[in-house]
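There's a structure below that I have some questions on.
The values are calculated or read from the model by the stated rules, or taken from the named source; none is laboratory data. Computed from a prediction, not measured in an experiment: that's the story for all the values here. When we count neighbours, we look across all protein chains shown, and the Cβ atoms used for this are built from the backbone with ideal geometry, even at glycine. These area figures cover heavy atoms from the full protein model, side chains too; ligands, DNA and RNA do not enter into them. Shrake-Rupley method; radii C 1.70, N 1.55, O 1.52, S 1.80 Å.
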Amino acid sequence: MGKGSSKYASKTPDENGYIAYSEDEDQIWSELYSRQIDMLPGRACSAFLNNLEALGLPRNRVPQLPEVSTVLREHTGWEVAPVPALIPFTEFFNLLANKRFPAATFIRTREEMEYLQEPDIFHEIFGHTPLLLDKGFAAFSHAYGKAGVAARKEDHAMLARLYWFTVEFGLIHRPGKELRAYGAGLCSSIGEVKYALDSPVPIRKRFDPVDVLRTPYRIDIFQPIYFVIESSEELYQLAQMDLLAMIEEARKLGMHPPAFPPKQKVAS
Ligand SMILES: [Fe+2]
């Protein structure tokens with residue numbers, strides 16, 4: 001989601017929705033999958049881990065979107081839709097409002113195994129689709145899309161923050177349990193999931209939707225702030241609430257100052 005240019009190009013599926021990946025691309029998937037799956041127990045929340053298993057993604061090749069959609073449809077009625085690397089907010093909200101999860105179909109290069117700013121298919125499928133099998137998380141994404149469709153253009157950036165600090169970088173701390181990650185940006189990242197859970201550096205705040213709407217973020221650094229929910233029920237309930245009224249409230253209260261340094265201008 002978002003504007004800008006990408007050095008990657010999404011691959012176009014054939015008439016059956018299948019994409020031909022090269023051997024090297026399958027190998028990159030396989031390496032990303034095996035190192036992430038080894039690291040997530042004890043770090044990702046149980047809903048993520050259980051649903052990842054239920055998805056039954058291939059380990060040795062890039063999954064095809066139709067096969068992932070088949071499982072999603074059975075559970076929650078969602079499917080994945082192939083999109084270019086970056087799409088406008090309006091298209092993003094429209095897809096979510098129709099229970100279609102937009103997925104870029106390219107896979108990162110070997111030079112960017114550790115971190116890339118743009119979502120590739122490993123992030124989209126491995127990171128996102130497990131929680132689209134979960135009732136609470138899936139309902140939130142659906143309601144979020146509908147709120148986005150109803151929102152004014154000037155509210156889009158604020159709504160993007162709500163998605164960023166939940167679906168992408170959310171943490172969960174069930175009472176009496178350990179802190180865990182549920183956000184796709186964390187669950188698909190080798191470095192940031194450890195950082196988010198273990199580092200003394202970032203701020204971990206109790207999730208509050210209006211507070212989230214007031215919090216700026218950057219996409220090219222490890223997050224300085226993470227928001228922590230207590231259960232997916234919280235997001236499910238939020239999905240039933242008036243997100244646009246919350247935006248109004250956040251606007252009245254004003255933005256929080258950024259907890260990060262300004263982005264350095266890079267000479268090009
Ligand atoms: Fe994402």
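Consider ALA85 carefully, then state whether it is of a type in the set (Gly, Ala, Ser), within 14 Å of the ligand (Cβ to nearest atom) and over 24 Å from ALA196 (Cβ atoms).
So ALA85 passes the test.
Also: Taking the condition of being open to solvent by 10 Å² or more (accessible area, probe 1.4 Å) and in contact with a helix residue (DSSP H, G or I) (Cβ under 8 Å, 6 or more places away or on another chain), how many residues in the range 66-76 meet it?
Summing the residues that are open to solvent by 10 Å² or more (accessible area, probe 1.4 Å) and in contact with a helix residue (DSSP H, G or I) (Cβ under 8 Å, 6 or more places away or on another chain) in the range 66-76 gives 3.
Further question: For ALA44, which of the numbered conditions (1) within 17 Å of the chain's Cα centre (by Cα); (2) over 29 Å from GLY148 (Cβ atoms); (3) aliphatic (A, V, I, L, M) fails to hold?
(2)
Test each condition in (1) surrounded by 12 or more Cβ atoms within 10 Å (Cβ to Cβ); (2) of a type in the set (Lys, Arg); (3) not in a loop (DSSP other than H, G, I, E, B) for LYS252 and report the one that comes out false.
Condition (1) is where LYS252 drops out.
Do you know which residues across the range 5-56 are assigned to a helix (DSSP H, G or I) and hydroxyl-bearing (Ser, Thr, Tyr)?
SER30, TYR33, SER34, SER46 - these are the residues of the range 5-56 that are assigned to a helix (DSSP H, G or I) and hydroxyl-bearing (Ser, Thr, Tyr).
Going through the range 110-137 one residue at a time, which ones are more than 14 Å from the ligand (Cβ to nearest atom) and without any contact (Cβ under 8 Å) to a residue 40 or more places away in the chain? Working first, answer last.
Residues of the range 110-137 more than 14 Å from the ligand (Cβ to nearest atom): 110-114, 133-136.
Once the filter is applied, which keeps residues that are more than 14 Å from the ligand (Cβ to nearest atom) and without any contact (Cβ under 8 Å) to a residue 40 or more places away in the chain, the range 110-137 yields GLU111, GLU112.
So in the range 138-151, with the set limited to residues that are closer than 16 Å to ASP242 by Cα and either open to solvent by less than 10 Å² (accessible area, probe 1.4 Å) or of a type in the set (S, T, N, Q) (or both), which one is nearest to the ligand (Cβ to nearest atom)?
This residue is SER141.
Here's a follow-up. Being over 17 Å from the mean Cα position of the chain (by Cα) and surrounded by 17 or more Cβ atoms within 10 Å (Cβ to Cβ) narrows it down to one residue among VAL83, VAL62; which is it?
Values: VAL83 fails: over 17 Å from the mean Cα position of the chain (by Cα).
Going through VAL83, VAL62 in turn, the sole match is VAL62.
Could you tell me which residue of the range 90-109 is surrounded by the most Cβ atoms within 10 Å (Cβ to Cβ), considering only residues that are more than 14 Å from the ligand (Cβ to nearest atom) and within 27 Å of LEU243 (Cα to Cα)?
Step by step, filter the range 90-109, then rank; the result is PHE93.
Out of the residues in the range 212-247 meeting the condition of being among the charged types (D, E, K, R) and at pLDDT 95 or above, tell me which one is surrounded by the fewest Cβ atoms within 10 Å (Cβ to Cβ).
Taking the range 212-247 and keeping what is among the charged types (D, E, K, R), we get 214, 218, 220, 230, 233-234, 242.
Those left that are additionally at pLDDT 95 or above: 214, 230.
Numbers: ARG214: 17, GLU230: 13.
Applying the filter and picking the extreme gives GLU230.
Report, by residue number, each residue of the range 152-184 that is open to solvent by less than 10 Å² (accessible area, probe 1.4 Å) and either free of Cβ contacts under 8 Å to residues at least 40 places away in the same chain or within 12 Å of the ligand (Cβ to nearest atom) (or both).
ALA160, TYR163, THR166, GLY170, GLY183, ALA184 - these are the residues of the range 152-184 that are open to solvent by less than 10 Å² (accessible area, probe 1.4 Å) and either free of Cβ contacts under 8 Å to residues at least 40 places away in the same chain or within 12 Å of the ligand (Cβ to nearest atom) (or both).
Another one. Identify all residues within the range 192-211 that are in contact (Cβ under 8 Å) with a residue 24 or more places away in the chain, open to solvent by 30 Å² or more (accessible area, probe 1.4 Å) and of a type outside the set (Lys, Arg); write none if there are none.
If the condition is that a residue be in contact (Cβ under 8 Å) with a residue 24 or more places away in the chain, open to solvent by 30 Å² or more (accessible area, probe 1.4 Å) and of a type outside the set (Lys, Arg), then TYR195, ILE203 are the ones that fit.
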